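Novice: This is the structure I want to talk about, given as structure tokens.
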Amino acid sequence: MTRWALLLSALWISFAQAPAPSPEPAAVEFSCPMDPDIRSKAPGKCSRCGMPLEPRIQEPMRFAMRVKATPPQIPAGRDVRLQFRITEPKSGAAVKDYKVVHEKLFHLFLVSQDLRYFAHEHPIAKRDGSFDFTARFPAPGHYALLADVYPKDGTPQLLSKIVTTAGYTKSLQESVTQPARDLSPKQGENLKVELTIEPTQPIAGKKTLLFFRLSPAEGFEQYLGAWGHMLVASNDLTDLIHGHPTYVTQPDGLPQVQFDVFFPREAVYRVWVQFQRNGIVNTVAFTIPVTGLR
């Protein structure tokens with residue numbers, strides 16, 4: 001074998017035995033735990049709800065919620081102590097550690113069957129992982145309790161439960177109301193709220209844009225880490241949605257806050273929105289009938 005042949009053979013053996021180059025590490029994608037469609041290639045905050053983006057996309061995990069009332073026969077018009085306990089989906093063990101969601105560990109929404117009563121509260125955390133809240137249901141009937149929590153080792157949860165005051169005998173179906181469409185401007189404590197929707201007649205399963213125009217503009221500020229909070233409830237209390245704005249613009253010098261909603265089915269929905277101005281939370285409601293596909 002010639003000198004050049006030996007040299008080429010040695011180079012070939014060296015190349016064949018060289019380790020393959022290490023693959024480039026996969027790019028980390030950050031996403032919002034509350035709004036998984038909000039994603040980024042770098043850490044930061046969610047453009048919709050303001051929560052820190054996390055470097056992973058978790059598969060949804062459905063936890064359970066237990067509610068204990070004291071007294072167990074819930075009175076109407078009187079105080080009742082509610083204890084909330086969140087349990088893991090596989091082991092059934094009580095959750096003890098939570099992540100903060102919009103400045104709180106637990107957001108509780110209460111809605112009456114006639115859609116007249118609404119409250120957004122924050123139960124007190126206990127050392128054992130449970131939460132306590134003293135409620136007062138204003139009238140006899142059914143009430144939906146919606147918990148917004150984020151177990152540390154899980155995913156964000158929206159967990160609901162229906163409770164009924166003592167002595168109320170009508171079924172939930174018998175108690176369903178049919179409130180009329182109401183998109184008229186509303187005056188809160190110190191803020192006027194006007195609503196326009198696209199399309200003008202929402203269709204179940206299709207995106208509906210809700211535009212809230214706020215006046216005056218002076219003093220408009222974030223409430224619990226977001227430019228607004230929205231709760232949507234169907235008139236049979238089956239569907240409950242907690243959302244945050246997708247955009248805040250000022251087309252004419254006044255704040256316009258946009259929410260994107262997919263109403264899940266044909267029903268009448270009450271929509272409560274909360275905006276803060278000069279430290280005062282303004283809560284107003286609108287009623288939106290939603291049709292099915294024809």
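The values are calculated or read from the model by the stated rules, or taken from the named source; none is laboratory data. Because the structure is a prediction, the values reported are computed rather than measured. As a convention, Cβ positions derive from the backbone with ideal geometry for all residues, glycine included, and neighbour counts pool all protein chains shown.
Novice: Failed condition for E174, given (1) of a type outside the set (F, W, Y); (2) under 30 Å from P289 (Cβ atoms); (3) assigned by TED's automatic domain parsing to the domain that holds K99, with all others met?
Specialist: Tallying (1) of a type outside the set (F, W, Y); (2) under 30 Å from P289 (Cβ atoms); (3) assigned by TED's automatic domain parsing to the domain that holds K99, E174 fails exactly one: (3).
Novice: Considering the stretch 268-294 alone, what residues qualify as being outside any strand (DSSP E or B) and of a type in the set (D, E, K, R)?
Specialist: R294
Novice: Between a residue in the stretch 237-265 that is of a type in the set (G, A, S) and any residue that is part of a loop (DSSP other than H, G, I, E, B), which pairs come within a Cβ distance under 8 Å, given they are 6 or more apart or on different chains?
Specialist: Short answer, once both residue conditions are applied: G253/A217.
Novice: Scanning for something surrounded by 16 or more Cβ atoms within 10 Å (Cβ to Cβ), farther than 15 Å from L210 by Cα and in contact (Cβ under 8 Å) with a residue 24 or more places away in the chain, does the stretch 282-289 turn up at least one residue?
Specialist: Looking through the stretch 282-289, at least one residue is surrounded by 16 or more Cβ atoms within 10 Å (Cβ to Cβ), farther than 15 Å from L210 by Cα and in contact (Cβ under 8 Å) with a residue 24 or more places away in the chain.
Novice: I need the full set of residues from the stretch 247-267 which are buried (at least 17 other Cβ atoms within 10 Å of the Cβ) and either charged (D, E, K, R) or not in a strand (DSSP E or B) (or both), in order please.
Specialist: P255, F263
Novice: Out of Q178, Q187, I need the residue that is at pLDDT below 95, loosely packed, with under 15 Cβ neighbours inside 10 Å and over 24 Å from H102 (Cβ atoms). Which one?
Specialist: Q178
Novice: A follow-up question, please. Quick check: is even one residue across the stretch 168-180 charged (D, E, K, R) and part of a strand (DSSP E or B)?
Specialist: Checked the stretch 168-180: no residue is charged (D, E, K, R) and part of a strand (DSSP E or B).
Novice: Only one of R277, R270 is surrounded by 19 or more Cβ atoms within 10 Å (Cβ to Cβ) and closer than 29 Å to Q173 by Cα. Can you tell me which?
Specialist: R270
Novice: Are there any pairs with C-beta distances below 7 angstrom linking a residue in the stretch 83-104 that is farther than 17 Å from K126 by Cα to a residue that is exposed (fewer than 12 other Cβ atoms within 10 Å of the Cβ), with the two at least 6 apart or on different chains, and if so which?
Specialist: Cβ pairs passing all conditions: P89/R62.
Novice: When you go through (1) outside any loop (DSSP other than H, G, I, E, B); (2) within 24 Å of F275 (Cα to Cα) one by one for V163, which number turns out not to apply?
Specialist: (2)
Novice: Give the stretch 190-199 a look and list any residue that's part of a loop (DSSP other than H, G, I, E, B) and exposed (fewer than 13 other Cβ atoms within 10 Å of the Cβ), or say none.
Specialist: P199
Novice: When the residues of the stretch 200-215 are narrowed to those that are outside any loop (DSSP other than H, G, I, E, B) and of a type in the set (D, E, K, R), which ends up farthest from the chain's Cα centre (by Cα)?
Specialist: Out of the qualifying residues, it is R213.
Novice: From L195, L105, L209, which residue is closer than 26 Å to A64 by Cα and among the hydrophobic types (A, V, I, L, M, F, W, C)?
Specialist: Answer to the selection: L105.
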